[in-house]
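Worksheet: one structure, shown below.
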Amino acid sequence: MTPSVGIIGGGITGLTAAFRLRQKGIPAVVYEAAPRAGGVIQTVRQDGYLAECGPNSILETSPKIGDLIRDLGLEQRRCDSNPEAENRYLARDGKPVCLPSSPLGFPTTKLFSLGAKLALIKEPFVRRCAEDREESVAEFVRRRLGQEFLDYAINPMVAGIYAGDPAKLSVKHAFPKLHALEQKYGSLIRGQILGARERKRRGTVSKQNAAKLSFDEGLQALTDALGETLGDGLRLDTPVTKLDRGASGWTLRRGSGEGGSEINGHAAVFLALPSYRIADLELPGGNEVDHRLLAEIEYPPVASLVLGFRREDVAHPLNGFGVLIPEVEQFDILGAIFSSTLFPGRAPEGHVTLTCYLGGKRNPQLVSQSVEEQIAVARKDLQSLLGVTGEPTFVHYHAFPKAIPQYNVGYGRYKKLMNDLEAAHDGLFLGGHYRDGISLADSIVAGEESAERMAAYVRGGNQSLKKSAIS
C-alpha cells in the first residue's frame, strides 16, 4: 500500500497539494477544523449580487495556475477580467487619478510632481544596498525613488497587498523580486527590462502584466472543485491539536479531552495552516526548535465590505480595477475595487458593486467598531472619492481578525525556524502564505511545489528535497 500524507488545513494551499498528490497516486487526506473548506476564499450570491468575502481575483503569474484550472475542468467557467479594468486609480488631493498605463504616459501624469519624475530618471544611478543589510520597504523606496513615490505609489500598494506598513515590512521578504532586481542589476528599471527575458525563459509573468481571473460564480468555484475531487479525503470539522511520530508513522490527535481521537499511519504531514495555528499545535518533543515562536508573526485585522448601488447613484465611470488610497490622503478605507467592472455577473442590471477594505496596520481599531459604523465610514469615503449617493441596495460584511501575515524586517528568523522544524521532524512539511508569499497565486504554487517535495519523500527519492524550502 502506498504511504499516505496527512494535510492539516483546507485552504487553497492544502487543497491544491492534496489534489496533486492524488494525481501522483499518493493517498492524501485533508483535515480542516471548520465546517467548510476554502479558508479565506468564500463567495456569496444573493439578490443578483456576488460578493467575495476575501480575495477578488487570481493573478496568473505562473503556468501552474492555468494547468490547475484545466485539470479541474474549470476552463469553461473561467472569467478573465474586463479590459476596462486595466485602469488603476490612486487618490491624490482627495480625488481618484488614473495611473499611466505605460511608461510613455508617466511624463504627463498629474499623480507625481516634476521632482518625483526626475527622481525616477536618476534611479538607475543609485547605488545598490549592501547585500547583508536588510531594509524596510520604506527605506528602500525612499533611497531609490524618494519620499513622494513612497507616499503616493508604494504606501497605497502595500496597503492593497498586505494591509501593511511599509516602514515595517522587509523588502527582502515581502517583495523579494524587487530586492533581487536591485541586487542582480543594480537598478529596478534596468532589472525590469533585462529581467523580462528571464521571466520568459521560466514561463512566468510579472504581476503587472499577469492576467486577472475568477470564475462565473466567484473564486469559491476553485476551492469547491478541489474539495469535490477529494471526496472522503476531505475531513471537515476535524481540528487537529497534537502530532506525534512513531515507528508506524505520524499520529494525529483530533480534538482534546475524552472526546478526542487519534488517526494513525501517515508517512508525512503537511502544515497548511496560518502560522499562529501551527504555534498552537503540540509537536513531538526531543528537539530544541520552539515552533511556538511562530505566534509572534503579526496578522492585522481586515474587514471586507461589499456594497451595491444603483448605477445612477455613482458619479464615477468605474472604468478600472479600483482605487487605492495613500495614507497621507487621510481617508479611512484602504481602497475600493470596482467589482462589477472587473468581472461579469457581480451586480444586477442597472446596478454596480464596490468592495471596500478597512483596517489593516493603518487603522486596526476600525475593525472593532460596529458594522453599522464601518458602513457609515465607507459610505462617507466613497461619496467623497467616487460621488456615491443614495442608500446601498446590497450590503455584505466579513471581518478577518487575523488577515495577512506581515513579512516584517527580521522575518528571516521565522523562515529559518520553519526550515529547522522540517529538519528536526522527519516527514514534516510546512508551506503556504506565511512562508511562500501571500497572494492566491503564491499559495497555489506553494501547494503544487509542496506536493512535489512530499511525493519525492514518500517514494523514498531524494529526501533532501524535503528541506529545500524557500529561505
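The values are calculated or read from the model by the stated rules, or taken from the named source; none is laboratory data. Bear in mind that the values here come from a model prediction, so they are computed numbers and not experimental data. Cβ coordinates were reconstructed from backbone atoms using ideal geometry, including for glycine residues, and neighbour counts include every protein chain displayed. Areas reflect the complete protein model, heavy atoms only, side chains present, ligands, DNA and RNA absent. Shrake-Rupley method; radii C 1.70, N 1.55, O 1.52, S 1.80 Å.
Matching residues to (1) among the charged types (D, E, K, R); (2) touching a helix residue (DSSP H, G or I) at 6+ places or on another chain (Cβ under 8 Å); (3) open to solvent by less than 30 Å² (accessible area, probe 1.4 Å):
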position	(1), (2), (3)
E372	yes, no, no
Y414	no, yes, yes
A424	no, no, no
L428	no, yes, yes
H433	no, yes, no
Exception for A451 within (1) open to solvent by less than 10 Å² (accessible area, probe 1.4 Å); (2) farther than 23 Å from G265 by Cα falls at (2)
Could you please tell me which pairs satisfy a Cβ distance under 6 Å, a separation of 6+ or placement on different chains, a first residue in segment 148-161 that is within 8 Å of P326 (Cβ to Cβ), and a second residue that is open to solvent by 40 Å² or more (accessible area, probe 1.4 Å) and among the β-branched types (V, I, T)? D151/V328
Within segment 7-23, can one find any residue that is in a loop (DSSP other than H, G, I, E, B) and loosely packed, with under 15 Cβ neighbours inside 10 Å? no
Mind listing just one residue for me: the one in segment 294-326 that is within 26 Å of T238 (Cβ to Cβ) and in contact (Cβ under 8 Å) with a residue 60 or more places away in the chain and, of those, nearest to the chain's Cα centre (by Cα)? Y299
Kindly provide the set of residues from segment 24-55 that are surrounded by 23 or more Cβ atoms within 10 Å (Cβ to Cβ) and part of a loop (DSSP other than H, G, I, E, B), ordered by number. E32, A37, G39, I41
One residue from L219, L226 being in contact with a helix residue (DSSP H, G or I) (Cβ under 6 Å, 6 or more places away or on another chain), at pLDDT 95 or above and surrounded by 19 or more Cβ atoms within 10 Å (Cβ to Cβ): L226
If we keep just the residues of segment 102-128 that are over 23 Å from L334 (Cβ atoms) and among the small types (G, A, S), which is farthest from the chain's Cα centre (by Cα)? G115
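For every residue, the table says whether it meets (1) in contact with a Ser or Thr (Cβ under 9 Å, 6 or more places away or on another chain); (2) among the hydroxyl-bearing types (S, T, Y); (3) buried (at least 24 other Cβ atoms within 10 Å of the Cβ); (4) within 13 Å of L307 (Cα to Cα).
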residue: I325; (1), (2), (3), (4): no, no, yes, no
residue: F331; (1), (2), (3), (4): yes, no, no, no
residue: S339; (1), (2), (3), (4): yes, yes, yes, yes
residue: P344; (1), (2), (3), (4): no, no, no, no
residue: G350; (1), (2), (3), (4): no, no, no, no
residue: L354; (1), (2), (3), (4): yes, no, yes, yes
